[in-house]
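Below is one structure, written out as structure tokens; comments come after it.
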Amino acid sequence: MLRKVTRRRATQPVRDCPHVVAVLVAHGVHPFELSVACEVFGVDRSDLADPWYGFRVVAGEGAPVRTSVAGVTIGTPWRLDDLDAADTIVVPAWQDQRGRPSEAILDALRAAQARGARIISVCTGAFVLAHAGLLDGRRATTHWLDTEALAVAFPGVTVDPGVLYVDAGDGIYTSAGAAAGIDLMLHIVRLDHGPEVANTVARRMVVPPHRDGGQAQYVEAPVARDLADNSLGTVLDWAVEHLDEPLTVDQLARRANMSQRTFARKFRGATGTTPLQWLLAQRIRLAQDLLETSDLSVEIVATDCGFGSATILRTHFRRVLDTTPLGYRRTFRQAAG
């Protein structure tokens, strides 16, 4: 366990020997997620907390390990048995998340969890933890493209598709897509060494120390399926051009020359959702575009998108994207810059 000492700031917990972080890699490992762990834990930052982490890259299937892109191979002296000395284990995105990892890898993770090691997954690395049974009865997340697959394959896992990472409070941590691994690893540094150290690491990496909201704000907006009914497609195009108006289902049905019941049935068949849910999604998507690309005030954005008031816009942003309009603008205007 980490303990406080007085030779550094009293609020900064440190320990007498390095906390060993091991990244478990196998053929097909994604290099970005591996690099994030190397940057956060592997770079010597003993000027911030002494000792800093001990770091090793562990080959789960023998070295050299082939990465998922560009034909890069990774040579490392560390093998699966070396996980026994790890205090924290990071499992990066896995190339074949639906394929079961070797029993040797799964047994090593189970043994690590049983002895109290902290285990972290990044992106589809959550599938490896799930195969080992480490997520049973727990809340977890993964990349938004794969949350449904994780929930279907492992019904005992409570999959949360809207967050950047999950701290289950029991030594198991899961994060969403690639960049969310940065958020989680900075969270780990914050737990171990305090917010000031974590914020300094973030500044050195030129990333925000904490991002508002969840991964819902990064999910692609749904689009209509192939529309066999051209009149319905025409109505959808018209609605997108009039989002600032108080549109109703009855109004849309009349423009399509259909009863409300027929319109609702055909609409769900074409879009997979209801007219009102579709309108809300289009208005939120328009608000996102305006917040990213303009300097319009939140009040004007709300009016231009048909929300009526900034309060209503904030309510829907918080519910759907788990952030605020200004928080969204800060994130994505910085990313664009």
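The values are calculated or read from the model by the stated rules, or taken from the named source; none is laboratory data. In this text, all values refer to a predicted model and were calculated from it rather than measured experimentally. Quick reminder, even Gly has a Cβ in these numbers, built from the backbone with ideal geometry, and neighbours come from all protein chains shown. Side chains included, ligands, DNA and RNA excluded: accessible areas come from the protein's heavy atoms. Shrake-Rupley method; radii C 1.70, N 1.55, O 1.52, S 1.80 Å.
Restricting attention to segment 172-202, which residues are outside any helix (DSSP H, G or I), closer than 21 Å to Leu129 by Cα and in contact with a Ser or Thr (Cβ under 9 Å, 6 or more places away or on another chain)? Selection gives Ile172, Tyr173, Thr174, Ser175, Ala176, Gly177. Candidates Arg138, Arg110: the one that is open to solvent by 30 Å² or more (accessible area, probe 1.4 Å), at pLDDT below 95 and either aliphatic (A, V, I, L, M) or closer than 26 Å to Asp192 by Cα (or both) is Arg138. Cβ-Cβ contacts under 9 Å between residues 6 or more apart (or on different chains), taken from a first residue in segment 48-76 that is under 12 Å from Val23 (Cβ atoms) to a second residue that is in a loop (DSSP other than H, G, I, E, B) and of a type in the set (S, T, N, Q), are listed as Arg56/Thr76; Val57/Thr76; Val58/Thr76; Ala59/Thr76; Gly60/Ser102; Val65/Thr76. Taken over segment 31-45, the criterion of being open to solvent by less than 50 Å² (accessible area, probe 1.4 Å) and in a helix (DSSP H, G or I) is satisfied by Pro31, Glu33, Leu34, Val36, Ala37, Cys38, Val40, Phe41, Gly42.
State whether the residues of segment 77-87 include one that is more than 28 Å from Cys17 (Cβ to Cβ) and either in contact with an Asp or Glu (Cβ under 6 Å, 6 or more places away or on another chain) or not in a loop (DSSP other than H, G, I, E, B) (or both). No. Taking the listed residues Arg330, Arg261, the one that is open to solvent by 60 Å² or more (accessible area, probe 1.4 Å) and within 27 Å of the chain's Cα centre (by Cα) is Arg330, with no other qualifying.
In segment 226-249, the qualifying residues are those that are modelled with pLDDT under 85 and among the hydrophobic types (A, V, I, L, M, F, W, C), and the one that is farthest from Leu279 (Cα to Cα) is Ala228.
For first residues located in segment 158-171 and surrounded by fewer than 19 Cβ atoms within 10 Å (Cβ to Cβ), partners that are at pLDDT below 85 and of a type in the set (Asp, Glu) and lie 6+ apart or on another chain with Cβ distances below 7 Å form the pairs Gly162/Asp322. Of the numbered criteria (1) closer than 21 Å to Arg318 by Cβ; (2) over 15 Å from the mean Cα position of the chain (by Cα), the one Gly162 fails is (2). When you scan segment 308-316, do you find a residue that is part of a helix (DSSP H, G or I) and touching a residue at least 60 places away in the same chain (Cβ under 8 Å), even just one? No: segment 308-316 contains no residue that is part of a helix (DSSP H, G or I) and touching a residue at least 60 places away in the same chain (Cβ under 8 Å).
Just checking, how many residues over segment 46-62 are part of a loop (DSSP other than H, G, I, E, B) and either open to solvent by 10 Å² or more (accessible area, probe 1.4 Å) or within 18 Å of Ala85 (Cα to Cα) (or both)? Full working, then the answer.
Looking only at segment 46-62, we keep the residues that are part of a loop (DSSP other than H, G, I, E, B), and these are 46-53, 60-62.
Next, only the ones that are either open to solvent by 10 Å² or more (accessible area, probe 1.4 Å) or within 18 Å of Ala85 (Cα to Cα) (or both) stay: 46-48, 50-53, 60-62.
Selection size over segment 46-62: 10.
Note on segment 237-288: residues that are in contact (Cβ under 8 Å) with a residue 24 or more places away in the chain and acidic (Asp, Glu) amount to 2.
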